[in-house]
Every structure is written in C-alpha cells, then in structure tokens.
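Report on the following structure.
The values are calculated or read from the model by the stated rules, or taken from the named source; none is laboratory data. In this text, all values refer to a predicted model and were calculated from it rather than measured experimentally. Cβ placement follows ideal geometry from the backbone for every residue including glycine, while neighbour counts extend to all protein chains displayed.
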Amino acid sequence: MEPHPSSPHPSSPRLDHCPEGLPKAAYLSADWFAREMKTVFARQWICAGRAEDLARGRMRRVRLGQAEVVLCRAEDGALTAYHNACRHRGSELCRAPEEPLGKLIRCPYHAWAYAAAEGRLVATGPAKPTADFDRDAYGLVPVALRVWAGFVFLNAAARPGEIGSDVPLSTLDNWPMAGLVTGHRWETGIACNWKSFWENYSECLHCPGIHPELCDMVPVYRTGVMAPSEAPGWTPEVPVGRNLKPGAETWTLTGAPCGPVFAGLSAAEREAGYTFVTLWPSAYVVAHVDHVRSVRLEPLGPERTRLIAEWHFPPETLAQPDFDAAEVAAFAKIVMEQDGAAAEMNQRGLRSPSFTAARLMPEEYEIHRFQNWVRRQMEKVP
Ligand code: FES
Ligand SMILES: [Fe+2]
C-alpha cells in the first residue's frame with residue numbers, strides 16, 4: 001500500500017494513526033480510581049520530595065495509592081519508611097502530617113514501640129504477651145526506599161522494579177543535584193483526574209492557545225509541537241537548534257539566569273535550555289542551566305489532584321543578596337496555572353453525556369504511550 005502522504009519519518013515520534021483514548025470512566029469513576037490506587041500507585045516508585053526537606057528527627061506521612069506510609073528521618077540523617085499501621089491492632093502510628101521522631105516509633109494507642117532504624121518491635125507497652133507470641137515476627141512492615149538526585153522515592157510493592165523514567169536517570173548526571181536546596185515551593189489543588197494532568201503535560205497542541213508566555217520563550221511550541229522531530233515532514237537531517245528564543249538561557253521572566261550557571265553542563269545541555277525527566281506516575285523534573293524545578297502530583301480522588309512544585313538552587317545562588325526565589329518561580333508558575341486551568345476545563349467537558357472517549361492525534365504519541373502504560377499496569381490487579 002502506498003504510504004499516506006502524511007506518514008511520518010520512521011525516526012519521528014508521531015503516530016501513524018489516530019487511536020482512541022481511554023474510556024470516559026477512566027476520568028470519573030470511583031471504581032476505576034480505586035483500581036489505579038491498588039495497581040499503578042501501589043506498585044510504582046512514588047516521589048516523596050527532597051530528602052533534605054524532611055528535617056532530621058522527624059517523620060512524615062506519605063500516601064502511596066491506597067497505602068498510608070510513614071517516612072522517617074533519624075537524627076543521623078538515615079531514611080526509613082514503613083506502612084503507617086501498628087502490628088498490634090492496626091492503629092496509625094503517625095497521626096499528624098509530620099511529627100517528631102526519636103529512636104522509637106511508639107504507637108499512640110497501646111504504646112507498642114518499634115525501633116525507627118529497622119522497624120523491630122522492642123516493647124508491647126502495658127501488655128504482657130505469653131510465650132507463643134513471637135516478637136520478631138511483629139516488626140513494622142517496611143516500604144522500599146531509594147534516593148535519586150536528592151529525591152526520595154517510595155514503593156509499596158513487595159518486589160519493586162526499577163524507578164521508571166522516560167529518559168535514563170543518568171540524564172541529570174551533569175547537574176549537582178544532591179547539593180541543591182529547595183528555595184521555593186508552591187502547592188495547589190486542581191479539579192481534574194491525575195491522568196488529565198499528565199495528558200496535558202504530554203502534548204503541545206494546546207501551547208499556541210494556552211501559553212503565550214511559554215510560546216514566546218520557546219518558539220517551536222508556537223507550532224503546536226514539543227520538538228521539531230514531531231512536525232510532519234521532519235527528517236533526521238533537520239539540524240538540532242536551540243530551543244529558547246535568542247538571548248534567553250533559562251525559564252525566568254527575563255530569560256536571564258538567576259545565579260551562576262552550573263559548571264558541569266555540556267554545550268548541548270546549555271544550548272537546550274531545559275532538560276526534562278518524566279517519572280510516571282508521580283513526578284517530573286526540569287533541569288535548567290541555573291536551577292531545577294520538580295513537580296509532584298498526588299491523586300486525591302477521581303476529579304481531584306494535588307500539585308506540589310518546588311524550585312531547587314545551589315546554596316551560592318540562594319545566598320546572593322536580594323535573591324528572590326519567588327521571582328524565579330514566577331515564569332513556570334504562570335505556565336503551570338495555565339495548564340491547571342486547561343486540565344480543569346478538560347475535566348468539566350468530559351463529564352458531558354456526549355463524550356465517550358478521546359480521539360488522539362499523531363502529535364499525541366506520548367499520551368498514547370501513557371494510556372497504554374496505565375492500561376498495562378491495571379491489567380495486573382492484585
Ligand atoms: S494498636 Fe498499636 S499498640 Fe495497640
Ligand atoms: Fe501546557
């Protein structure tokens with residue numbers, strides 16, 4: 001058969017067809033949502049923020065799908081994580097969003113006490129168990145924990161795989177990630193399904209209509225694609241140019257760096273102006289030449305998602321006189337507010353009785369990949 005005149009080059013990410021999207025229930029149904037919490041969010045690595053942002057001698061609650069977890073940071077900086085449920089009769093251990101932590105985690109109900117370092121049960125409070133009670137079998141149930149680039153990742157699966165990302169985790173090796181300090185944080189709730197957020201993130205067809213400031217900063221976005229390779233008719237011979245408008249080096253309101261440029265970056269990394277690492281289902285990281293932004297999401301319900309954006313800087317940048325991290329954050333915040341409003345608009349519309357499922361366009365290859373990934377995760381119901 002003759003190729004369709006719009007057939008993409010084999011190296012182009014464009015789809016060669018227009019597939020149907022997930023069914024409407026995926027965005028609205030409580031049952032579908034509960035299944036996602038039992039599968040996607042209970043099995044994948046979930047980003048719980050910067051290790052350094054949990055003070056030593058503190059514990060914090062983190063939600064991994066249906067599981068409530070307590071993340072502990074000891075006085076010596078060591079991190080551990082456990083299901084937030086006592087092995088006696090199941091009471092929660094950490095009641096507030098964050099609480100002080102000593103060497104022991106003591107259940108507030110009947111005072112069973114566990115060693116924070118490894119979860120071992122060390123005391124049963126006033127209860128005096130008989131000889132048949134095997135204390136060693138009643139330690140806290142651990143949750144897998146890894147630190148990548150200064151971020152804590154937790155996984156509630158019994159046998160977790162690797163941290164999933166769209167590009168190798170080594171992509172940020174030239175950035176001094178471990179030494180960066182959080183200088184600004186913005187948290188907001190958006191009235192949309194968590195997948196609507198990711199779908200909006202995964203395409204730039206909305207950029208010309210929704211993001212005037214971003215399209216000014218990144219001229220290729222004006223054409224509705226994220227990169228020249230997505231344009232119809234692209235071939236690998238098309239030279240890779242810079243992404244940002246002339247004179248701009250980073251995503252600030254002026255395009256000027258907010259402090260010293262990271263010394264270890266390659267010429268291509270400086271030229272690119274931004275480097276994204278996407279970590280489904282919970283986070284993405286954007287590394288610029290002078291600072292790094294991370295965005296985490298937490299699904300709260302079928303139509304409710306919490307978004308936490310943080311800006312991370314080298315200490316010397318934060319120490320500059322009159323440095324204003326909020327001003328640095330302002331550019332990306334404009335874009336994220338526009339995206340949040342777009343995702344809410346999308347969510348309201350798909351409640352319509354007339355809507356059954358999306359029809360994806362060739363430029364929405366990443367949405368197609370995401371939806372197939374979600375479908376695969378959900379097939380394996382525990
Ligand atoms: S439920 Fe924790 S000590 Fe009883
Ligand atoms: Fe957007």
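Total residues in the stretch 77-112 satisfying the condition of being more than 16 Å from ligand 1 (Cβ to nearest atom) and hydroxyl-bearing (S, T, Y): the figure is 1.
R35 - would you say it is more than 16 Å from ligand 2 (Cβ to nearest atom), basic (K, R) and not in a loop (DSSP other than H, G, I, E, B)?
Yes; evaluated as a whole, the condition is true for this residue.
Is it the case that A74 is among the small types (G, A, S) and either free of Cβ contacts under 8 Å to residues at least 60 places away in the same chain or within 13 Å of ligand 1 (Cβ to nearest atom) (or both)? Against the criterion (among the small types (G, A, S) and either free of Cβ contacts under 8 Å to residues at least 60 places away in the same chain or within 13 Å of ligand 1 (Cβ to nearest atom) (or both)), A74 qualifies. Contact map, the stretch 207-224: first residue farther than 14 Å from T254 by Cα, second residue of a type in the set (A, V, I, L, M) and more than 16 Å from ligand 1 (Cβ to nearest atom), Cβ cut-off under 7 Å, separation 6 or more or different chains; pairs are C207/L214; I210/A342; H211/V335; V220/A227; Y221/L214; T223/A231; G224/L205.
Pick from R351, R375: which is part of a helix (DSSP H, G or I) and loosely packed, with under 15 Cβ neighbours inside 10 Å? Only one candidate qualifies: R375. The residue that is nearest to ligand 2 (Cβ to nearest atom), counting only those in the stretch 71-88 that are touching a Lys or Arg at 6+ places or on another chain (Cβ under 6 Å) and in a strand (DSSP E or B), is L71.
Suppose the filter is outside any loop (DSSP other than H, G, I, E, B) and modelled with pLDDT of 95 or more; does G49 pass it? Judged against the criteria, G49 is a match. Scanning the stretch 211-226 for residues that are assigned to a loop (DSSP other than H, G, I, E, B) and either over 19 Å from P13 (Cβ atoms) or not small (G, A, S) (or both) yields a count of 4.
Considering only residues in the stretch 304-332 that are buried (at least 18 other Cβ atoms within 10 Å of the Cβ) and either charged (D, E, K, R) or part of a strand (DSSP E or B) (or both), the one that is farthest from ligand 2 (Cβ to nearest atom) turns out to be F313.
To keep it simple, each residue is scored yes or no on (1) closer than 25 Å to L22 by Cα; (2) out of contact with any helix residue (DSSP H, G or I) (no Cβ under 9 Å at 6 or more places or on another chain); (3) aliphatic (A, V, I, L, M); (4) surrounded by fewer than 19 Cβ atoms within 10 Å (Cβ to Cβ).
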residue	(1), (2), (3), (4)
L154	no, yes, yes, no
S170	no, yes, no, yes
D173	no, yes, no, yes
E187	no, yes, no, yes
A191	yes, no, yes, yes
W198	yes, no, no, no
C204	yes, no, no, no
C207	yes, no, no, no
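Taking the criterion of being closer than 28 Å to P314 by Cα, of a type in the set (D, E) and buried (at least 17 other Cβ atoms within 10 Å of the Cβ), would at least one residue in the stretch 42-58 satisfy it? There is at least one residue in the stretch 42-58 that is closer than 28 Å to P314 by Cα, of a type in the set (D, E) and buried (at least 17 other Cβ atoms within 10 Å of the Cβ). If the condition is being in contact with a strand residue (DSSP E or B) (Cβ under 9 Å, 6 or more places away or on another chain) and either part of a strand (DSSP E or B) or free of Cβ contacts under 8 Å to residues at least 12 places away in the same chain (or both), then the stretch 169-192 contributes V181, T182, G183, H184, R185, W186, E187, T188, G189, I190. Residues in the stretch 118-140 that are surrounded by 14 or more Cβ atoms within 10 Å (Cβ to Cβ) and part of a loop (DSSP other than H, G, I, E, B) were compared, and the one that is nearest to ligand 1 (Cβ to nearest atom) is L140. For the stretch 89-99, the condition of being part of a loop (DSSP other than H, G, I, E, B) and of a type in the set (S, T, Y) holds for at least one residue.
The lone criterion from (1) in contact with a helix residue (DSSP H, G or I) (Cβ under 8 Å, 6 or more places away or on another chain); (2) crowded, with 16+ Cβ neighbours inside 10 Å left unmet by L265 is number (1).
Only one of R306, R270, R242, R296 is at negative phi, free of Cβ contacts under 8 Å to residues at least 40 places away in the same chain and under 25 Å from the mean Cα position of the chain (by Cα); which?
After applying the criteria, what remains is R270.
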